[in-house]
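No lab work stands behind these numbers, since they all come straight from the coordinates. Fair warning: this is a prediction, and the values are worked out from it, not measured in the lab. Reconstructed Cβ throughout: ideal geometry from the backbone, glycine too, with neighbour counts over all protein chains shown.
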Amino acid sequence: MFFTEDVLLFAKVSTIHIQLMISVISDLCNVSSFKVNLDKSRVICSKNTNIHVKKYISYLSTVKFASNLKYLGFPLIHGRIKRIDFNFVLDIILSKLAD
């Protein structure tokens, strides 16, 4: 479930793709009433992404990097999904049932 304002964007980590993504976001804001909240925006890259590429992304945009992301409390898994990744859901359910 996403709210109407929420957008996930995926791109290859390359100069052209990053500049295109920035352009698309800018165009979207210009033709709609949407504004990007950069304080809530995050970038996540593959573990294999070169540090120089990450620095360049930071140079192009003020969006912060994150090692892991959550959406509505659920992790957006980056890597192999393990059972332990969702233990927090079971903890929440058990605490609700105990009340």
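A few points about this structure:
- Three principal axis lengths of the stretch 29-71 [C-alpha, angstrom, descending]: 36, 24, 15
- Charge context of residue 18, other residues only, Cβ under 14 angstrom, K/R +1, D/E -1: +3
- Local electrostatic count at residue 88 - Lys and Arg +1, Asp and Glu -1, tallied over other residues with Cβ under 14 Å: +2
- Using alpha carbons only, the radius of gyration of the stretch 46-99 set against its Kirkwood radius gives Rg/Rh = 1.18.
- Between residue 13 and residue 86, the C-beta separation translates, for a Förster distance of 22 Å, into a calculated FRET efficiency of about 0.20.
- Charge tally for residue 79 (other residues, Cβ to Cβ under 15 Å; Lys, Arg +1; Asp, Glu -1): +4.
- Bins of 10 Å from zero: percent of alpha-carbon pairs in the chain: 11, 37, 31, 15, 6, 0
- Linear extension gain, residue 94 paired with residue 45, 0.36 nm per residue minus alpha-carbon span: 14.3 nm
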